[in-house]
Amino acid sequence: MGNTATATAPLTTLDPVTFEVLKNAFATSVDLMSEQILRTCYSFVIYSRDFSSALCDAEGNTVMQGSGDIAVHVGTLHFQCKAVIEEFGTDIHPGDVFAINDPYRGGTHFNDVSFIRPIFADGEVIAYAQNKGHWADIGGNVPGSFDVNAKEHFGEGLRITPVRVWSKGVFLHDVAQLLVSNTRAPAQAMGDLHAQSEATAVCERQMQRLIGRYSTATVKTALKETQDYVERTVRRRLETLPRGTWETVDYMDADPGKGEGLVPIKIKLTLDGEGIHYDLTGSAPVVETFLNSGYGTTFSAIYAGTKTFFPDVPLNSGFYAAVTADIGPEGTVVNAGWPYAVTGFCSGPYEKLMNGIFEIWSQVMPERAMACAFNLEYLLVGGRDARSEKKPYFMWYDWMAGGWGGRASKDGSTATAPVFGPGLAVQPLEGQERLSPVLTSVHQIAVDSGGPGRFRGGCGIEKGGTLTDAESTVMSYSCDRARSITWGIEGGLPSIPHGVWLNRGSDNERFLGSNFSSVPLQPGDSFIRPSAGGGGYGDPLERPAEEVLDDVIDGYVSLRRAAEDYGVVIDEIDAELDDFRIDFASTAAKRESISAQRQGWLEVDPTVIAEGYKSGEIDMLDVIRRHGVILDWGTGELFPTTTDQFRALMERRSAQHWG
């Protein structure tokens, strides 16, 4: 499925003032939905901005998105609107509201529930208002509905095909009750259901106000010409870009059904001066876990990744019209049809596609180049809250900020929302602790997490917690890049691996990895995990020593990694006073030594490196950044196939750019 490129869209027939007023009024109508949902939602997850809104035209094409929406949502909203239209046809009336979360009809994952309201004028549908919000639980095998062990969707939660929840203004309580009763927090879900529906009503009222002022015909024309304007802008921009074909590959960590070995996601981009054409054929078959992507989220990754390099262009179906994609046959990791499990797509193919697209467009627009960003991750702790006599279900549902990749002219952003959704907010710790029996023990910048480079990757975060008064509690984690570690480009080095440690520093310490489900927890158990930083851009030996010194003073880089990654030797005079001094003579010698040896470091026998890690002679960052070796970070077990693949990537993205 995809959009067919068309000839350049015609110029607007509205006068420029009316066009601009209505275009911006459409944006306001969508942003008002966001303001409404923030003030009325019941879920702490939605309150932390895991939601999006859109205004679509009568055919379901997106006309306007919200200014702070989640990237992955926006690229799927038109698919879901079209699914409702396809399902109900002419049986759509004023006062109707429909619900859908179906990933196999262009949605994201089951937790993301959309409510769609038709907007009528003069007896016909002229637009649709839509709000999509992430429900904290949608059923399935584990609290929070993120089951890594799921192979088919039946273990992931309730699948909502297009269904009417309000009919001609009448609330269908039985339908709504059926939906929310399949969740672990039905009262919360019912509250969100009403809040999301009312948000779409806000948009409807704004559109009726515009119709009353400008007429139905003018508003309909503006809906179309807002899309035409974007398509025309993109196509004109493409005329100035080089023509050709570019390819890359990024990887997921592993397919549990096939043992160790990275899972390829292949991307080819062709620019012909008229359109943007992608080809994902050759990507791996579906994996035996929930990390697959449906067609809707794959297209969304393509749109969002491409849009990053056109930051001034609005995103709507006019943008999509300039993009075509062959995502390959159904049954692949980027085009998983029913009934393959897809809830973890966001941690799986989605951001791999976005980062691969970043790498390709970095060659097309080198002035906007950016290395790999950290991977979206979700940690879920769920069970019974023993702080209350009734012991209700709780879902401690957490995600972290992290680092974006170093760029062509500046360091990457530190502690930033994932590329999955730059509008996503970090959840307030105080709110989490009030709602769930989990006490946050640490939440701070992760030192040495930014990938070294001439321009350093942004730093990630380290966050830990302790379970307090709870019963029947389990923990699940959806992430990736414990093995396909966040990479640098143009000579830059990787970041750090993702993964959760349980009771770290104790006798029963365990490394749980970056994807697991239903790990039992007892009161007093503690856990900690980092989010990765971004990959580095450019040769780290070319980073000015003074900038490395600033990183040490800021707590972004340790003294040891300043020397080992950047070749900058710094003496500590008084750490409390931030008094550090560069040893320029030792720095020159250190950099010369690293330059002479580093190509050979990537050729050392991996088994020797693994033994050195187990014995404590070689630390994890040297294993990764010097030797390109991938291990089980808990046991030290070598992953030989994964190491070969990772080394090949380091040779291409890093080593071949070293002078």
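How much of K224 can a 1.4 Å solvent probe reach, expressed as accessible area in Å² and rounded to 10?
Accessible surface of K224 is approximately 110 Å².
In degrees between 0 and 90, to the nearest 10, how far off the longest principal axis of the chain does helix 640-653 point, with axes built from Cα atoms?
Helix 640-653 sits roughly 80 degrees off the main axis of the chain.
D for region 529-617, whole µm²/s, Stokes-Einstein with Kirkwood Rh over alpha-carbon pairs at 25 °C and 0.890 mPa s: what number? It would help to have the intermediate numbers written out before the result.
Values: Rh = 14.7 Å.
Here the translational diffusion coefficient equals 167 µm²/s.
Once the dipole of the chain is set up with Lys and Arg at +1 and Asp and Glu at -1 on Cβ about the Cα centre, which of V84, F420, S167 lies farthest towards its positive end?
S167
Counting alpha carbon pairs within less than 8 Å and at least 6 residues apart, what relative contact order, in whole percent, applies to region 536-659? List each step's numbers first, then the result.
Numbers: 133 pairs, mean separation 21.9, N = 124.
About 18 percent, as a whole number.
Quick query: amide H of L521 versus all other amide H atoms, modeled in the peptide plane; which residues come in under 5 Å with a sequence gap of 5 or more or a different chain?
So L521 has HN proximity to T473, V474, M475.
Taking only C-alpha pairs under 8 Å that are 6+ residues apart, what is the relative contact order of the chain in percent?
12
Tell me the relative contact order for region 267-365 as a rounded percent, counting alpha carbon contacts under 8 Å between residues six or more apart.
Values: 161 pairs, mean separation 41.7, N = 99.
Here the relative contact order equals 42 percent.
Using the beta-carbon distance between E35 and D507 and R0 = 41 Å, what value does 1/(1 + (r/R0)^6) give for FRET efficiency, to the nearest 0.05? Could you put the intermediate results ahead of the total?
Values: r = 51 Å, r/R0 = 1.24.
With R0 = 41 Å, the Cβ-Cβ based efficiency is 0.20.
Measure nothing fancy, just the Cα-based angle from helix 545-554's long axis to the longest principal axis of the chain, in degrees from 0 to 90, nearest 10.
Around 70 degrees separate the two axes.
So, taking all protein chains as they sit and a 1.4 Å probe, how much accessible area belongs to L559, in Å² rounded to tens?
60
Counting other Cβ atoms within 10 Å, keep those with at most 13, restrict to DSSP loop, and tell me which GluC sites (Glu not before Pro) in region 403-484 are left. Please report the intermediate quantities before stating the final value.
On the way: sites: E430, E433, E462, E471; in loops: none.
Nothing satisfies the criteria.
For the chain, what does -39500 (n - 2.57) per DSSP helix run (n ≥ 4), summed and divided by total residues, give at 222 nm, in deg cm²/dmol to the nearest 500? Could the numbers behind the result be given before it?
Numbers: 16 runs with 214 residues, N = 659.
That calculation yields -10500 deg cm²/dmol at 222 nm.
May I ask you to rank S593, S514 by accessible area, largest first, using a 1.4 Å probe over the protein chains only? Working shown, then result.
Working: S593 50, S514 10 Å².
The ordering from most to least exposed comes out as S593, S514.
Please tell me which of these pairs span more than 31 angstrom C-alpha to C-alpha: K23/K168; K151/K614; K220/K307; K266/K463; K132/K352?
Listed pairs above 31 Å: K151/K614; K266/K463.
I'd like the carbon and sulfur percentage of the solvent accessible area for region 27-166, probe radius 1.4 Å, heavy atoms only, ligands and nucleic acids excluded. Could the numbers behind the result be given before it?
On the way: 1780 of 3780 Å².
Percent of accessible area from carbon and sulfur atoms in region 27-166: 47.
Ordering R653, R368, R626, R159 by how much accessible area each has at a 1.4 Å probe, largest first, what is the list?
Values: R653 10, R368 105, R626 40, R159 80 Å².
Correct descending sequence by accessible area is R368, R159, R626, R653.
In what sequence, largest accessible area first, do T76, T308 appear using a 1.4 Å probe? Please list the in-between numbers first.
Details: T76 0, T308 50 Å².
Listed by decreasing accessible area, they come as T308, T76.
Once both axes come from the Cα atoms, what is the angle between helix 349-364 and the longest principal axis of the chain, in degrees from 0 to 90, rounded to 10?
Its long axis makes an angle of about 80 degrees.
Name the residue from T298, T248, V364 whose Cα lies farthest towards the positive end of the charge dipole of the chain, charges +1 on Cβ of Lys and Arg and -1 on Cβ of Asp and Glu.
So the residue furthest toward the plus end is T298.
Report the local net charge at N503: Lys and Arg +1, Asp and Glu -1, summed over other residues whose C-beta lies under 12 Å from its C-beta.
Details: positive: R504, R510; negative: D507, E509, D525.
Residues close to N503 contribute a combined charge of -1.
With a 1.4 Å probe and all protein chains kept in place, how much accessible area does I461 have, in Å² rounded to the nearest 10?
For I461, solvent-accessible area is about 10 Å².
Nearest-5 percent of antiparallel DSSP beta bridges in the chain? Show your work: numbers first, answer last.
Details: 88 of 93 bridges.
Around 95 percent of the beta bridges assigned by DSSP in the chain are antiparallel ones.
Roughly how many debye, to the nearest 20, is the charge dipole of the chain about its Cα centre, given +1 on each Lys and Arg Cβ, -1 on each Asp and Glu Cβ, and no other charges?
Values: 56 positive and 86 negative charges, 287 e Å.
Roughly 1380 debye for the chain.
The values are calculated or read from the model by the stated rules, or taken from the named source; none is laboratory data. All values reported here derive from a predicted model rather than from experimental measurement. Note that we place each Cβ from the backbone using ideal geometry, even for glycine, and neighbour counts take in every protein chain shown. Just so you know, the surface numbers come from the protein's heavy atoms only, side chains and all, with ligands and any DNA or RNA stripped out. Shrake-Rupley method; radii C 1.70, N 1.55, O 1.52, S 1.80 Å.
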